[in-house]
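Asks: Before I ask anything, here is the structure I am working with.
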Amino acid sequence: MTRTILLFGDSNTHGTMPMPDLGAGARFDRDERWAGRLAKLMPDWEVIAEGHPGRTTVHDDPVEGAHRNGLTVLPALLESHKPLDVVLVMLGTNDLKQRFSVNACDIALSLERLVRVILGSDCGPGRRAPGVLLVAPPPIEEVGCLAGMFAGGAAKSRQLAAEVAAAARRAGVPFLDAGQVVRVSPIDGIHYDAEANPALAEAFAAAIRAHFPG
């Protein structure tokens, strides 16, 4: 039986390429994105990529729009794609924008809130809750055209993996540190270069098979 995983993320799940200039926003081809590669590595799963550039954990963005609030859209996505066996959550990078004024602990608590929404839903098989794989995004760098937007975020981002790991333990869900797998591009310090895509896909496939053997 085919199982289903929802990839709930931001521009790095969307497949946005590193940006040499603000507003560039080019996207890797479907088969090159890590989500597309993951689907090929896991042919017995339906892989649904739900990456929205600019998506935050729980914040309405006063500049880019309230619709980028992950907490607001999550229940609808869970219901529209159910039954879901697993939800992979990789968010938090956009929370590092200076405009939100939150620290690594707050970002992890926000991720934990998202996890608890998923675990409290009936959107899994048999009206149970889906499983969750919580992922800490890699640390960012303040370089290029996005440096001003993320001012102060690099130092916070280096504390994020430990905080998100603690949130995963509190919620009782498996955790993966993407910073142990990939690094951000030196072009804009936020997005991933092409070589990150196969590495992420392989790491996620291994984690999903290990934690959700079926």
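The values are calculated or read from the model by the stated rules, or taken from the named source; none is laboratory data. Nothing here was measured: the structure is a model prediction, and the numbers come from that model. With ideal geometry, Cβ positions are generated from the backbone for all residues, glycine too; neighbour counts draw on all protein chains shown.
Asks: Among the residues in the range 38-45, are any within 26 Å of PRO186 (Cβ to Cβ) and at pLDDT 95 or above?
Replies: Yes, the conditions are met somewhere in the range 38-45.
Asks: Something else: Kindly indicate which of LEU160, LEU176 is more than 30 Å from ASP21 (Cβ to Cβ), under 15 Å from the mean Cα position of the chain (by Cα) and of a type outside the set (Asp, Glu).
Replies: Just a single option satisfies the conditions, and that option is LEU176.
Asks: Then there is this: Name the helices (runs of 4 or more DSSP H) wholly inside the range 127-214 in which the number of residues that are aliphatic (A, V, I, L, M) and closer than 22 Å to GLU32 by Cβ is 2 or more.
Replies: Here the list reads 196-211.
Asks: Could you say which residue among GLY120, GLY124 is closer than 23 Å to SER80 by Cα, out of contact with any Cys (no Cβ under 9 Å at 6 or more places or on another chain) and without any contact (Cβ under 8 Å) to a residue 12 or more places away in the chain?
Replies: When all the criteria are applied, what remains is GLY120.
Asks: Condition first: within 14 Å of the chain's Cα centre (by Cα) and aliphatic (A, V, I, L, M). Now tell me which residues in the range 185-195 satisfy that.
Replies: ILE190
Asks: Same structure again: Could you pull out the residue among ALA104, ALA108, ALA66 that is crowded, with 23+ Cβ neighbours inside 10 Å, farther than 28 Å from ALA39 by Cβ, out of contact with any Pro (no Cβ under 8 Å at 6 or more places or on another chain) and not hydroxyl-bearing (Ser, Thr, Tyr)?
Replies: Only one candidate qualifies: ALA108.
Asks: State yes or no: is ARG169 touching a strand residue (DSSP E or B) at 6+ places or on another chain (Cβ under 9 Å) and surrounded by fewer than 18 Cβ atoms within 10 Å (Cβ to Cβ)?
Replies: Judged against the criteria, ARG169 is a match.
Asks: Of everything in the range 200-214, what is under 16 Å from the mean Cα position of the chain (by Cα) and either within 26 Å of ASP21 (Cα to Cα) or not aliphatic (A, V, I, L, M) (or both)? Give them in sequence order.
Replies: Matches in the range 200-214: LEU200, GLU202, PHE204.
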